[in-house]
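What follows is a set of notes on a single structure, which appears directly below.
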Amino acid sequence: MNPHVQPSVSPLGLARSLWSHRALIVSLTRREVAGRYKGSFFGVFWSLLSPLLMLTVFTFVFGEIFQARWGGGEATGRLDFAAALFAGLLIYNFFSECLGRAPQIILSNPNYVKKVIFPLEILSIIAVNAALFHLLVACVVLAVLVFFSGWTLGIDVLYVPLILLPFVLFVLGVTWFIAALGVFLRDVAQIIAPALTAMLFLSPVFYPLSSVPPKMAWLFLINPVTFIIEQVRAVMLLHQTPDVSGLLIYTCIGVASAWLGYVFFQKTRKGFADVL
């Protein structure tokens, strides 16, 4: 790789980079996942224990202390509420993990920046892949929870990957953008944390979107996790088919986000070494 040549910003160039570095992406993703639990007693098993512990805490607080029940009358039991809550929580956690990690992706890997032959663009992909691994583990936990609750699992669950794909593209684009911006503006990391907290409570994680007052609904609808949470619940809990038109729009947004984030990352990467 010639360091004086402007990195490619074309989708074809990205596809070539991903294909030629596929083994490296897989290897570093495995290291990212395993490294998080290195030295712990349970190891990677924590990827299963963590969502279970989080689910237990939230279910106790909202289900027992606040006596919350899911709206609409479809489900009133504790496990029913837990399943509906967890369906939203696992989507938000994926989003939060990627964006929370994004500002430090380049800053925490200065050695890679100084190697002109290293494909820096794959670092964001590795972070998203690691978060996606935890999301898939959480989906298994959710499926088991739904099976033992008042909800029922149906063939509609096969729509979940179709719903998640545009969401992953959207998150990847935002991760690329924040990873690059975080190199030049260190305050980004401080902004992300409270922003993610606000997005948690301005998304239908702890309650259905139908319970939000109409005059406040727009705050939830502009939240990028809202549509995905509602669609995952619709197919996993209510046995509804996905909103095709909504998914098409979200897919366009996801593709645009991924491409624009990639372009911004590639256009700014030449300045990384100077800042670091």
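The values are calculated or read from the model by the stated rules, or taken from the named source; none is laboratory data. What you are looking at is a predicted structure, and each value in this text was computed from that prediction instead of being measured. Here the Cβ is made from the backbone with ideal geometry for all residues, glycine too, and neighbour counts use every protein chain on show. With ligands, DNA and RNA removed, areas are computed over all heavy atoms of the protein, side chains included. Shrake-Rupley method; radii C 1.70, N 1.55, O 1.52, S 1.80 Å.
Since only L221, T152, L169 are under comparison, the one whose Cα sits farthest along the positive direction of the charge dipole of the chain, derived from C-beta charges on Lys, Arg, Asp and Glu, is L169.
Remark: the range 233-238, residue by residue, has Karplus-estimated 3J(HN,Hα) of 5, 4, 7, 8, 10, 9 Hz, where x stands for each Gly or Pro and the curve is 6.51 cos²θ - 1.76 cosθ + 1.60 at θ = phi - 60°. Surface composition of the chain: carbon plus sulfur atoms contribute 70% of the solvent-accessible area (1.4 Å probe, protein chains only, all chains present).
Here the range 81-196 is treated with +1 on each Lys and Arg Cβ and -1 on each Asp and Glu Cβ, and its dipole about the Cα centre works out to around 340 debye. Each principal axis of the Cα atoms in the range 202-267 has its own extent, and those three values, largest first, are 43, 27, 19 angstrom. For the range 211-222, the Karplus equation 6.51 cos²θ - 1.76 cosθ + 1.60, evaluated at θ = phi - 60°, returns couplings of 8, 7, x, x, 6, 9, 4, 4, 5, 7, 5, 7 Hz by residue, with Gly and Pro reported as x.
Taken about its Cα centre, the chain carries a charge dipole of about 920 debye when Lys and Arg each add +1 at the Cβ and Asp and Glu each add -1 at the Cβ.
Positive-end ranking of L135, A87, L107 along the dipole of the chain, with charges on Cβ about the Cα centre, is headed by L107. Per-residue ellipticity at 222 nm computed for the chain from its helices equals -21500 deg cm²/dmol, with DSSP H segments shorter than 4 residues left out and the rest contributing -39,500 (n - 2.57). The slack between K270 and S20, meaning 0.36 nm per residue of separation minus the straight C-alpha distance, is 87.9 nm.
Compared with the dominant Cα axis of the chain, that is its longest principal axis, helix 78-101 is turned about 10°. Taking the charge dipole of the chain about its Cα centre, with +1 at Lys and Arg Cβ atoms and -1 at Asp and Glu Cβ atoms, the residue from Y207, L24, V232 reaching farthest to the positive side is L24. Rounded to the nearest 20 debye, the dipole size of the range 184-276 about its Cα centre is 200 debye, using +1 on the Cβ of Lys and Arg and -1 on the Cβ of Asp and Glu.
Could you tell me which label, among [x] 18.7, 56; [y] 19.8, 63; [z] 19.3, 67, carries the value of Rg and Dmax of the Cα atoms in Å calculated for this structure? Given [x] 18.7, 56; [y] 19.8, 63; [z] 19.3, 67, the structure-derived one carries the label [y].
Taking all protein chains together and rolling a 1.4 Å probe, F184 ends up with roughly 100 Å² accessible. Distance between the modelled labels on D156 and V144, one decimal in nanometres: 2.4 nm (7 Å Cα→Cβ projection). Note on R31: accessible area is roughly 140 Å² with a 1.4 Å probe, heavy atoms of protein only.
The residues of the range 163-276 expose, per residue, 47 Å² of accessible area to a 1.4 Å probe. Among residues other than L90 with Cβ under 12 Å from its Cβ, the summed charge is 0 (Lys and Arg +1, Asp and Glu -1).
Between G88, G182, G35, the GNM of the chain built on Cα springs shorter than 10 angstrom shows G35 fluctuating the most. Its Kirkwood hydrodynamic radius, worked out from the mean inverse distance over all distinct Cα pairs, puts the range 135-243 at 15.8 Å. In the range 46-203, the ratio of gyration radius to Kirkwood radius, Rg to Rh, stands at 1.04 when only Cα atoms are counted.
The protection proxy used here, the mean number of other Cβ atoms lying within 10 Å of each residue, ranks peptides 89-101, 248-260 as follows, highest first: 89-101, 248-260. The accessible-area ordering, largest first, of the residues M236, M216 stands as M216, M236, per a 1.4 angstrom probe.
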